[in-house]
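The values are calculated or read from the model by the stated rules, or taken from the named source; none is laboratory data. Please read all numbers here as calculations on a predicted model, not as lab measurements. Glycine gets a Cβ as well: all are built from the backbone with ideal geometry, and neighbour counts include every protein chain shown. Just so you know, the surface numbers come from the protein's heavy atoms only, side chains and all, with ligands and any DNA or RNA stripped out. Shrake-Rupley method; radii C 1.70, N 1.55, O 1.52, S 1.80 Å.
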Amino acid sequence: MRQAAAQPADSPVPHSRPSLGRGEEEAALRVLRSGRLAPGAEAQAAAARLAALAGCAGAALTSSGTAALTLGLRAIGVMPREQVALPSYACAALLHAVRSVPALPLVCDIDPDTLALSFEDMDRRARGAVAAAIVVHPFGVPVRIEPFRASGVRVVEDCAQSIGAAIAGRPVGSRGDLAVFSFAPTKPLTCGGPGGGVAAASARLVAAVVDLASHDEQTEDRPRMNGLMGDLQAAILRVQMERLAEFRERRAEIAHRYDEALAPLGVARRPAPPGSDPLVYRYCVRLQDADRCLRELNWRGVAARRPVHQPLHLLLGLREAFPHSDRAQREMVSLPLYPALSDGEVERVIAEVRQCLS
C-alpha cells in the first residue's frame, strides 16, 4: 500500500485519519455530475457488496450507524419498553439507538478477556425477558455469540469496528439475527460522512429495514424515518469496500511493528480468540498508569485516547457494580493506528511511548 507522506516531527499525530484517494474522488465526481444524489444504483451496488462481505442474503445502507441499529432492532421485532442488553464499555450510540425504538436499555458488564458483552452478567441482571442483545465485536476482534443464540435471545451483531473480520471461518455479521455497520469518518471504511448499514440472512428483515427507513410515498401510517444513504456517499463507500484488503494489510503491518517494539516494555494488545481473523481497528493496550501516559503522549503530540469515552453505567449514573468495565476504563489506552499512518509517524508513536514508560 502506498503510504502517506510523513508529517514534520513537530506536527501532531492524529488518533484517526481517513484513507481517501483518487478513486473516492472520481466516484464522488461521477455522482455529482450525474445529477442523481438520492438512493439509486450506487446505493444498490454498495448494499450488495456489504451483503457479500457480511456473508448475508441482503443488506441496506442507512444514514448513520445509529440509524442502522435503531432500524435493525425495530425490524427484528423489539417492541417499546422491552429490554435490550448492551455492554457498558461501548459507544453511547448504542444507548441512543435502543432508546429510539423506544426500548429499555439493560446495561451489562463486559467479559474481562474479550471486552465484549458478558452473557453471564446479562443473565444475572435481567429482570424478565430480554428481547435482544447487542453484541459488539470490540475494536475489530470478533467474539463468540453462541451463548446468546443458545438462550433464545435475538442477537444484533454490532460490526461497526470489525467489517471483514471472521471467526470459525464465518464473517462477522453472519451469525446473528441481524448485523449493523458504521461508515463514519473514523471507522475502518467510510462513506465520507455519517453512514451505516444493515445486513441479514433474512431478505424479509432487510426489506423491513428499508420500509422503516423510507418515509415518503407510503400508504401505511407507522413510525418511520428518512434513513437511507444516498448515492454520493454510497459511491465513495463502494471504492472503500474494494480497498478493504489493502487497508487490513496496512493495519496488520502497523500492529506488528507496535508489537515488536512495545513487547520489551511489557506492553501488549489482547490476543484474538482461537480460530478468529480480526481486523486491527484500534491498537488497545492496558497501562497501569494510563492517565499519566495519556496526558504525556498528547502533550508530546501523539493523540492517544481512551478506547471508550465513558462507560454507559457512568454516563447513566447507575449504582450497580461494573468491575470489568471500570477496570478497562482505568487501564485501556488506544494508540494511533490507521492505513494513512506513515512509517515515520509509526516510529514517532513508538518513540514517544518508550519515553512515556521509561
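Odds and ends about this structure:
- Helices (runs of 4 or more DSSP H) contained entirely in segment 247-358, each with at least 2 residues that are within 27 Å of residue 19 (Cβ to Cβ) and within 25 Å of the chain's Cα centre (by Cα): 290-299, 343-357
- For segment 130-160, the candidate set comprises residues that are open to solvent by 10 Å² or more (accessible area, probe 1.4 Å) and of a type in the set (Asp, Glu); within that set, the residue that is modelled with the highest pLDDT is 158.
- Within segment 52-66, the residues that satisfy the criterion of being open to solvent by 10 Å² or more (accessible area, probe 1.4 Å) and part of a helix (DSSP H, G or I) are 52, 53, 65, 66.
- Residue list for segment 237-246, restricted to those being open to solvent by 10 Å² or more (accessible area, probe 1.4 Å), more than 10 Å from residue 43 (Cα to Cα) and in a helix (DSSP H, G or I): 239, 242, 244, 245, 246
- Among the residues listed as 179, 208, 184, the single one being of a type in the set (A, V, I, L, M, F, W, C), surrounded by fewer than 23 Cβ atoms within 10 Å (Cβ to Cβ), in contact (Cβ under 8 Å) with a residue 24 or more places away in the chain and not in a loop (DSSP other than H, G, I, E, B): 208
- Residues of segment 163-176 that are among the hydrophobic types (A, V, I, L, M, F, W, C), open to solvent by less than 30 Å² (accessible area, probe 1.4 Å) and part of a loop (DSSP other than H, G, I, E, B): 163, 165, 172.
- Within segment 302-325, the presence of a residue that is open to solvent by less than 50 Å² (accessible area, probe 1.4 Å) and free of Cβ contacts under 8 Å to residues at least 24 places away in the same chain is excluded.
- Note on segment 187-196: among residues that are open to solvent by less than 20 Å² (accessible area, probe 1.4 Å) and either of a type in the set (Phe, Trp, Tyr) or part of a loop (DSSP other than H, G, I, E, B) (or both), the one that is farthest from residue 53 (Cα to Cα) is 193.
- Test: residue in segment 27-34 that is crowded, with 24+ Cβ neighbours inside 10 Å, at pLDDT 95 or above, in a helix (DSSP H, G or I) and in contact with a Leu (Cβ under 6 Å, 6 or more places away or on another chain): no
- Considering residues of segment 77-98 that are among the hydrophobic types (A, V, I, L, M, F, W, C) and in a loop (DSSP other than H, G, I, E, B) only, the residue most open to solvent (accessible area, probe 1.4 Å): 79
- With respect to (1) out of contact with any helix residue (DSSP H, G or I) (no Cβ under 6 Å at 6 or more places or on another chain); (2) surrounded by 14 or more Cβ atoms within 10 Å (Cβ to Cβ); (3) of a type outside the set (Val, Ile, Thr), the lone exception for residue 234 is condition (1).
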